[in-house]
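See below for the structure under consideration.
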Amino acid sequence: MNDFMSGGIHRLWKNEFVETLNPTPGMKVVDVAGGTGDIAFRIAETMKSSTLSSPLGSNSKVIVCDINPSMLTVGRSRSISKNFTEEGEHSINWVAGDAESLPLPDSSVDAYTIAFGIRNCTHPHIVVREAFRVLKPGGRFLCLEFSHIESMGAANSMIQSIYDSYSFNVIPFIGGIVANDRASYQYLVESIRKFPSQQQFCEIIEKEGFSSVSYKNLTMGVAAIHSGFKL
């Protein structure tokens, strides 16, 4: 679905997302709604490569948490093929769990990431609250999600019109042909439009206790990275 929504650009967005996190050796990161591990592998590989030039690389860990056990099974298989194990210096653990009630202790991770997942949760504010709970003091919340093109003149208005036409007409049509599931792709488009604006989501993050909350637009706001710290 992300390929259809972004024209494949989501891979570049994910790379920038992990670059923004800037994971360092020895960190413990939970990637929620992590599915088959796209973000987790990027994080783990970044920490592993950094270890080559750092003496602080022991016990780096990524925990992938997803509500869908089938996706976790695929992720585990991918992990083995990439030579990551669930124990050792550079580990990736796979845990079934709900983003609104994480199976993790309080103050147990250095960073919390969620990419293209919070929009599908029933109560996004509870997801953010859970992120705050499991983060250690000083820990960082980072969210990548489809967002809204922000109004900045006639050019952006024209881009918004083109994007809306593509989203509501082309994407469901392609979904019907490729996946025989027009309804799911229609829901995807509608869920993006219903998701809070960049500033509204910042306010949700702040309300749940985070400090230094900010966001960065990607591709003029088609997607956005939101950041906050538990201080």
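The values are calculated or read from the model by the stated rules, or taken from the named source; none is laboratory data. The model shown is predicted, which means the values in this text are computed figures rather than measured ones. For neighbour counting, all protein chains shown are included, and Cβ atoms are generated from backbone atoms with ideal geometry for every residue, glycine included. In case anyone asks, the SASA skips ligands and DNA or RNA and just uses the protein heavy atoms, side chains included. Shrake-Rupley method; radii C 1.70, N 1.55, O 1.52, S 1.80 Å.
In the stretch 220-231, the qualifying residues are those that are open to solvent by less than 60 Å² (accessible area, probe 1.4 Å) and assigned to a loop (DSSP other than H, G, I, E, B), and the one that is modelled with the lowest pLDDT is VAL222.
Within the stretch 8-87, considering only helices (runs of 4 or more DSSP H) that don't extend past its boundaries, which have at least 3 residues that are among the charged types (D, E, K, R) and touching a Ser or Thr at 6+ places or on another chain (Cβ under 6 Å)? Step through it out loud before you land on a result.
Working: elements: 10-21, 38-51, 69-81.
No helices (runs of 4 or more DSSP H) qualify here.
Under the condition of being farther than 28 Å from PRO196 by Cα, among the hydroxyl-bearing types (Ser, Thr, Tyr) and in contact (Cβ under 8 Å) with a residue 24 or more places away in the chain, the residues counted in the stretch 68-123 number 3. Among all positions in the stretch 150-170, there is no residue which is open to solvent by 30 Å² or more (accessible area, probe 1.4 Å), among the polar types (S, T, N, Q), outside any strand (DSSP E or B) and modelled with pLDDT of 95 or more.
Those residues that are assigned to a helix (DSSP H, G or I), over 19 Å from the mean Cα position of the chain (by Cα) and in contact (Cβ under 8 Å) with a residue 60 or more places away in the chain, I need them from the stretch 186-219; list them, please. Passing the criteria: only LYS207. Residues in the stretch 13-51 that are at pLDDT 95 or above and surrounded by fewer than 14 Cβ atoms within 10 Å (Cβ to Cβ): ASN15, GLU19, ASN22. Taking the stretch 64-82 as the search range and keeping residues that are hydrophobic (A, V, I, L, M, F, W, C) and open to solvent by 70 Å² or more (accessible area, probe 1.4 Å), which one is nearest to VAL109 (Cα to Cα)? Ranking the candidates gives ILE67 first.
Of all residues assigned to the stretch 52-60, none qualifies as being modelled with pLDDT of 95 or more and buried (at least 18 other Cβ atoms within 10 Å of the Cβ).
Consider the stretch 120-149 and keep the residues that are surrounded by 15 or more Cβ atoms within 10 Å (Cβ to Cβ) and part of a loop (DSSP other than H, G, I, E, B). The one that is modelled with the lowest pLDDT is ILE149.
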